[in-house]
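All remarks here apply to the structure that follows.
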Amino acid sequence: MLSNFRVQSSLTGTVGRAADVMMTSQTLTAQEQKQLARNLISFLSQYKHISDSYIIEFFSEGLWETLPLAWKEALHDLSAPQIADLLLDSTCTDRRYPSIWPLSLLAFRATAHTLAFPRSPHGRVVQDVGTQGPQEFQENQSQSSLLGHLFRKHVKPKKQHEISKLGTLVKQLCDLTECNNVVDVGSGQGHLTRFLSFGLGLSVTGIEADPALVAMASKFDGQLLSTLQKENQKKNMATQPFTAPGRSPYHVVGWVNPKASWEDFVKQLKKGGCESTCTSLPSKKRPWESASNPNQHADNVSVPLSPAQPCCLSHIKTDHFASSQEKGDGGWTNPVPSTDPVPLQSPPEITSELSPHTASSPKRQRKFETGAGAGHLSSKPLTMPYSSRTSNTQPRPDFLDPAEWEEQSGDPRFILTGLHACGDLSATLLRHFASCPHVQGITSVACCYMKITTHENPSPPGVLVPPGPAHAEQPRHSKVGYPMSSCVQGLPGYQLSYKAREGACHAMEDYLQRLREESELLRIHCYRATLETVIRGARPDLRRAGVQTIKKAHLLPFHEYACLGLPRVGLPADLPLDHARIDAMLRQQGRVVVYFSLALLLAPVVETLVLLDRMLFLQEKGLQSQLVPLFEPAFSPRNLVLVAVKPQDNNETQCGKALTIP
């Protein structure tokens with residue numbers, strides 16, 4: 001009883017301290033951020049047994065019995081909708097308890113909700129479960145009204161939502177810093193880079209580790225320009241020369257090495273083209289082909305060159321549109337617009353008619369024309385009423401590689417952005433932002449927290465490290481993905497396990513919907529936990545074996561699920577089952593759902609600690625930052641964007657004062 005009272009008192013004190021520090025990153029002082037870090041670590045330390053547990057071990061490790069008796073009595077008979085309202089939903093105002101809850105459980109829930117950074121976009125409440133998505137998809141669930149049709153092609157609705165929001169925010173940073181250059185790290189198929197360059201008139205370099213994705217990005221660039229050319233021909237009956245809306249993105253194949261310095265990173269961007277593409281680099285979609293051969297050197301693995309996998313995404317000068325796969329000197333060229341892009345005036349005002357804009361940087365006062373659908377205020381497809389006014393502009397390359405930034409624009413500066421940069425990549429970009437004098441601002445959207453390196457686990461599962469002596473000769477990297485700040489590292493109990501960080505990637509909003517709908521998908525965790533007991537019964541040495549996803553498992557009876565799952569861990573599909581024991585476990589599905597919900601309640605708290613650590617790191621470097629819940633969390637669960645801008649001209653104005661969050 002005394003122990004329970006101490007837990008209640010400790011948690012109640014934590015709630016009080018957390019309430020004194022409101023969880024809006026824009027309003028936290030430096031001291032409040034440090035206090036919040038202490039509160040987060042103190043709270044999470046008390047519940048490591050929940051955040052570090054694996055739901056598949058619910059039965060084999062007796063997880064239900066690890067809960068306080070009063071908690072079990074309050075939770076064991078809850079329906080799925082009750083779990084949603086009483087435990088997970090922080091916005092619920094009409095909670096009706098079927099029994100009296102212990103103070104420790106109430107304090108646990110309140111503290112978790114209070115400590116976590118808010119995930120609802122500014123000025124909007126969390127969307128009701130079952131809605132069709134963000135407002136931009138109300139007319140058409142697959143087409144964002146904020147993007148023109150050219151930027152929706154090949155792009156799923158979730159990504160449409162993300163690139164329209166993030167692209168607009170990046171544009172604001174460019175206007176604020178008077179910097180027209182953007183580097184998109186982990187650019188994939190180039191959806192964001194196309195919107196930033198063709199839609200918003202920025203000079204964009206995308207760097208991506210997978211050569212196949214870079215080839216697709218170049219292909220899609222060409223398709224966009226080809227579509228524009230056809231629309232121009234229909235509109236002007238081919239009487240006017242085609243003028244592209246902006247410089248094509250510059251694509252670089254390259255893996256951003258967390259061990260490399262910012263100088264090496266900038267050199268990597270400037271090299272680009274042939275040298276970057278002629279070496280095989282780790283893909284974020286598939287593992288190293290040489291992973292089983294540690295003697296194979298990354299720098300000695302060649303990549304076959306083809307039009308679909310270009311050696312050099314070079315440029316040529318022309319007044320008219322060029323073929324998307326016209327062979328140049330030693331490589332394949334991109335389609336060619338003939339004018340330099342210049343961003344829109346701030347704030348961007350996108351209309352259905354073409355209007356000229358001048359560059360925000362006084363060093364680059366060149367004309368640029370754009371059309372509807374490029375920016376976030378348009379609800380119409382992009383149409384380009386082309387004009388011959390740009391024909392007076394001196395023909396220039398379709399894009400500049402980073403080595404030409406300083407030569408032609410006199411501006412070596414750039415903005416860094418990374419949309420769901422995986423694992424340590426987000427931390428690496430923040431270090432480059434803090435150290436590199438060329439980087440003026442950053443927007444960082446993180447994901448895959450379980451792949452972050454820590455002092456305790458410098459090589460977590462799923463992290464690809466390129467082999468070869470060039471990397472082996474480097475000393476062990478002392479800078480890990482978590483913690484980044486000296487503040488957090490100096491606090492006792494700051495460690496976050498792999499499982500806690502993996503749990504932070506789970507989608508609270510998606511699970512809330514399953515609970516309220518009493519979805520059959522809720523039985524999956526119980527199925528897997530039951531199968532774990534079967535596997536361990538036959539092979540005690542097999543723990544947490546990778547069964548992988550079984551298609552439509554929630555629609556199968558358990559014995560069929562087991563027949564499909566057992567062979568995946570090397571056991572016979574017809575392994576004898578103790579049906580009475582299995583039925584008894586399956587009847588405890590409600591308890592499995594409750595326990596998973598308790599762990600899920602801690603997920604946003606863990607994510608808050610990881611992101612707060614990054615803010616504290618920047619603070620220690622003399623840089624201010626804020627976290628912005630930019631995306632609709634039910635649509636894009638990893639929706640927190642870390643935004644930072646370096647002071648301009650000795651102006652100590654903090655990040656965010658000149659920004660309007662889209």
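How much length is gained if the chain between Asp510 and Lys156 is pulled fully straight, taking 0.36 nm per residue apart and subtracting their Cα-Cα distance, in nm to one decimal? Intermediate values should be presented prior to the final figure.
Numbers: separation 354, 0.36 × 354 = 127.44 nm, distance 1.78 nm.
Working it through step by step, the gained length comes to 125.7 nm.
If you add up the charges near Gln223, with Lys and Arg at +1 and Asp and Glu at -1, over every other residue whose beta carbon is less than 14 angstrom from its beta carbon, what do you get?
Values: positive: Arg152, Lys153, Arg194, Lys219, Lys230; negative: Asp221, Glu231.
Spelling it out: positives minus negatives among the neighbours equals +3.
Fewest to most neighbouring Cβ within 10 Å: what's the order for His525, His76?
Ascending Cβ contact count within 10 Å gives the list His76, His525.
Take the range 31-104, compute every pairwise Cα distance, and split them into 10 Å bins from 0; I just need the percent in each bin.
Going out from 0 Å in 10 Å bins, the range 31-104 shows 15, 35, 37, 12, 1 percent.
When a footprinting reagent is the concern and you count Cβ atoms within 10 Å, what order do Glu560, Glu136, Glu208, Glu231 take, fewest first? Before the final figure, lay out the partial values.
Numbers: Glu560 13, Glu136 21, Glu208 28, Glu231 18.
By the 10 Å Cβ count, ascending, the order reads Glu560, Glu231, Glu136, Glu208.
Please compute the Kirkwood hydrodynamic radius of the range 520-587 from all pairs of different C-alpha atoms, in Å with one decimal. Walk me through the numbers before you get to the answer.
On the way: mean 1/r = 0.0833 Å⁻¹.
About 12.0 Å for the range 520-587.
For Lys621 and Thr227, what does the FRET efficiency come to when R0 = 51 Å and r is the distance between their Cβ atoms, rounded to the nearest 0.05?
Between Lys621 and Thr227 the formula returns 0.70.
Take the residue pairs Lys153/Lys479; Lys156/Lys621; Lys159/Lys552 and return only those whose Cα atoms are more than 30 Å apart.
Cα-Cα > 30 Å for Lys153/Lys479; Lys156/Lys621; rest within.
If you average 1/r across every pair of different Cα atoms in the range 44-198 and take the reciprocal, what Kirkwood value do you get, in Å?
For the range 44-198, the Kirkwood estimate is 19.9 Å.
Using a 7 Å offset from Cα along Cα-Cβ at Leu103, what residues in the range 28-72 end up with backbone N under 16 Å from the label point?
It comes to 70-71, nothing else.
Would you calculate the separation in nanometres between label points at Gln489 and Cys92, each defined as 7 Å from the Cα along the Cα-to-beta-carbon direction?
In this crude spin-label approximation the distance works out to 4.2 nm.
Which is farthest toward the positive dipole end of the range 520-587 among Pro557, Ala529, Leu571, measuring Cα position about the Cα centre, with Cβ charges +1 (Lys, Arg) and -1 (Asp, Glu)?
The residue sitting farthest along the positive end of the dipole is Ala529.
Could you list Arg536, Arg568, Arg96, Arg614 so that the one with the fewest beta carbons within 10 Å of its beta carbon is first and the one with the most is last?
Arg96, Arg568, Arg536, Arg614
Read-outs throughout are calculated quantities, based only on the coordinates presented, and are distinct from any laboratory measurement. Just so you know, these numbers come straight off a predicted model, no measurement behind them. A quick note on method: Cβ atoms are made from the backbone with ideal geometry, for glycine too, and the neighbour counts reach across all protein chains shown.
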